[in-house]
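Here the structure comes first, spelled out in structure tokens, and everything after it is commentary.
The numbers here are math on the coordinates, done by the rules we state, and not lab data. Keep in mind it's a predicted model, so treat the numbers as computed, not measured. Cβ sites come from the backbone with ideal geometry, for glycine too, and all protein chains shown count toward neighbours.
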Amino acid sequence: MIEKLTSVDWTPFILSFKLASITAIILFIISLPISWYLATTKSRVKPILEAITALPIVLPPSVLGFYLLWGLSDSSFIGEFLSSHFDISLTFSFVGLVIASCFYSLPFMVQPLQSGFEALNQHMIEASYIAGKSKLETLLYVAIPNIKPSLLMGFIVTFAHTIGEFGVVLMVGGSIPNETKVASVAIYEQVEVMDYENAHIYSLVMLIISFLVLLGVYIFNHRYKSRLGRR
Amino acid sequence: MIEIDIYKILDGSSGEMPLEIKLEIESGSFLAIRGESGSGKSTLLRVLAGLSEASGRIVVDSEVWLDEGYSLDIQSRKIGFLFQDYALFENMTILQNLLFVNRDLTLAKRLLKLCELDKMSHRLPHSLSGGQKQRVALCRAMMRRPKLLLLDEPLSALDMDMRIKLQDEIALIHKEFGTTTLMVSHDFVEIYKLSNRIITLNSGKIIEDTTPQDISLKDNLLLDGVVLDIIEQDGKSFYLISVLNQIVKIESGDRKIEAGERVKLSSNSLAIDLGGSYV
């Protein structure tokens, strides 16, 4: 058994974790201002922006993958610019995967943060303005520190969702070992070549990791709520 | 001197209603604002703070805060505001709550000492009682050395003992700093104890502008009550009336009042409690 486990190629997992970590960090930074804006704005364009950020939840991954492939390819404006100036190709590369994952997982970061901001006591935010603090200072020192469970939830769900992505990754990244062949793609390939033994090991590892991540989130939330309840 | 002349359309429960307030307040005074809920009391405070928009003019100690096409932003108005729900920064300790407003440690310590909070300055808000939270909020509001202190029903969520303690502290702070203060309140004891002028709002307009002493003298002792029930006892008919969380029994006489009707009870004399038997 141990022999089996040591002979398993773990690089797809490492790649999956690297992709998920980088995506979660980038999305965390991008989503903070977006979700703060969505939570505080009274603008009429809010529903439109909300619908756009939620699109990846309902779009078939193949549709998102197709548009990303088209948008990132060397013949597109961005792709051509990057390949001619920096010699970077976005399709079938790790960088391309990161960009694709950022689109794919965006709602999983924006939505928890937005609901966290919306659930904040508005008087607390107003008290910060009255104290002479700007919107940015209020965001950094008052709003963000008071939505810690939402931050954790956003981070972990984004991480887990990126680990679990398959369709978009396959379309944009293909299956290049050590570059774009993440765990989910590796399992698909093993099943295709009927290597059920490795498919079982990989799938079981994914199952356990996913369960532990979610269990951690729910335990944390439960503890946090009971701490609030004691107030 | 504070000059207020504002106009705003309010979205009330019974449709749109104009809020029209014209008011001059002497610097350093303590103004109480009372009125039915939805009469525009809180909105008036929010407009003064810059939290709600309105048209018109606001001048505070010859500094223009609001005028045609101009509105000084919230951050630049020197305001202290007390919300009913305290609105403390939950991620900061008591002392940090104060220093976040203004990094003046001497002032922070002075305020905490005044409100007897100096021994718990490193605690987080969630470990405090409602009364303690509101005292922290009061200290925090004073950290900007505000020109205007706005209190929006600050004591309504507290029990009677804590109310009295906080009333004393508000009075103390007002005496120490001489800040012009506007307080929305329904509690006449509170109003009488703290304010030197009282305005009553109804449907967005000032319908009365007087002093607490005048109101108390004019009305004598006038209490609002509701008839709960009419009972028969010893061949006589009595009303059971709910007033000030008590139930009183009053002989009905020739009056015809139905259960559920609102009534006013007035009295010119006092009954004296002699060891449980009433005279």
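Shielding of B:79-92 by partners, i.e. mean partner chain Cβ atoms within 10 Å per residue?
For peptide B:79-92, the averaged partner shielding equals 5.
Looking at the protein assembly as shown only, what percent of DSSP beta bridges run antiparallel? Nearest 5 please.
Working: 48 of 67 bridges.
Of the beta bridges lying entirely in the protein assembly as shown, close to 70 percent run antiparallel.
Averaged across the residues of A:116-128, what count of C-beta atoms belonging to other chains lies within 10 Å of each residue's C-beta?
On the way: counts 0, 0, 0, 0, 1, 7, 4, 10, 8, 2, 8, 14, 6.
Other-chain Cβ atoms within 10 Å of each residue's Cβ, averaged: 5.
Working from the alpha-carbon coordinates of the range B:70-109, get Rg over Rh, Rh being the Kirkwood radius. Show your work: numbers first, answer last.
Working: Rg = 12.3 Å, Rh = 11.9 Å.
When Rh is taken as the Kirkwood radius, the ratio is 1.03.
Hey, rough spin-label estimate for residue A:197 and residue B:129, points 7 angstrom out along Cα→Cβ, what's it come to in nanometres?
7.1
According to the Kirkwood expression over distinct Cα-Cα pairs, how big is the hydrodynamic radius of the range A:82-231, in Å?
Every distinct Cα pair counted, the radius reaches 18.4 Å.
Multiply the residue separation of residue B:245 and residue B:68 by 0.36 nm, subtract the distance between their alpha-carbon atoms, and state the gained length in nm to one decimal.
59.0 nm
Which whole-number percentage describes the relative contact order of chain B, with Cα contacts under 8 Å and a sequence gap of 6 or more?
On the way: 493 pairs, mean separation 54.0, N = 279.
Contact order relative to length: 19 percent.
Among the listed pairs B:78/B:133; B:41/B:109; A:46/B:78, which have their C-alpha atoms separated by more than 30 angstrom in this model? The partial results should precede the final answer.
On the way: B:78/B:133 22 Å; B:41/B:109 33 Å; A:46/B:78 32 Å.
As for pairs spanning more than 30 Å Cα to Cα, those are B:41/B:109; A:46/B:78.
I want the antiparallel fraction of DSSP beta bridges within chain B, as a percent rounded to 5.
70
Would you list, by chain and number, the aspartates and glutamates whose Cα falls below 13 Å from the Cα of residue A:4, excluding same-chain residues fewer than 8 positions away?
Cα-Cα hits under 13 Å: A:197.
Tell me, what is a quarter of the convex hull surface for the C-alpha atoms of the range A:1-63, in nm² with one decimal?
6.9
If you take the alpha carbon radius of gyration of the protein assembly as shown and divide it by 2.2 N^0.38 Å, what ratio comes out, to two decimals?
Relative to the 2.2 N^0.38 Å estimate, the protein assembly as shown comes out at 1.36.
Quote the relative contact order of chain A in percent (integer), defining contacts as alpha-carbon pairs under 8 Å separated by 6+ residues.
29
Going highest first, how would you order B:60-73, B:103-116 by mean Cβ packing within 10 Å?
Ranking, from highest mean packing down: B:103-116, B:60-73.
Run down the lysines and flag those whose C-alpha is under 19 Å from the C-alpha of residue B:193, throwing out any fewer than 8 positions away in its chain.
Straight-distance partners of residue B:193: B:165, B:175, B:218.
Give me the inter-chain shielding for A:144-154: mean count of other chain Cβ atoms within 10 Å, whole number please.
Counting other chains' Cβ atoms within 10 Å and averaging over A:144-154 gives 1.
State, as an integer percentage, the relative contact order of the range B:138-244 based on alpha-carbon contacts under 8 Å between residues 6 or more apart.
About 17 percent, as a whole number.
Which residue fluctuates most in the GNM of chain A (Cα springs below 10 Å): A:156, A:147, A:48?
Maximum fluctuation in the GNM of chain A, among the listed residues, is at A:48.
Which of the lysines could be linked to residue B:236 by a straight reach, that is with a Cα gap under 16 Å, when you skip same-chain ones fewer than 8 residues away?
B:249, B:256
Run the helix sum for the protein assembly as shown: -39,500 (n - 2.57) per DSSP H stretch of 4+ residues, divided by residue count, reported at 222 nm to the nearest 500 deg cm²/dmol.
-15500 deg cm²/dmol, from helical runs alone.
Loop-only GluC sites (Glu not before Pro) in the range B:221-268, please: DSSP not H, G, I, E or B, and at most 14 other Cβ atoms within 10 Å.
B:258, B:261
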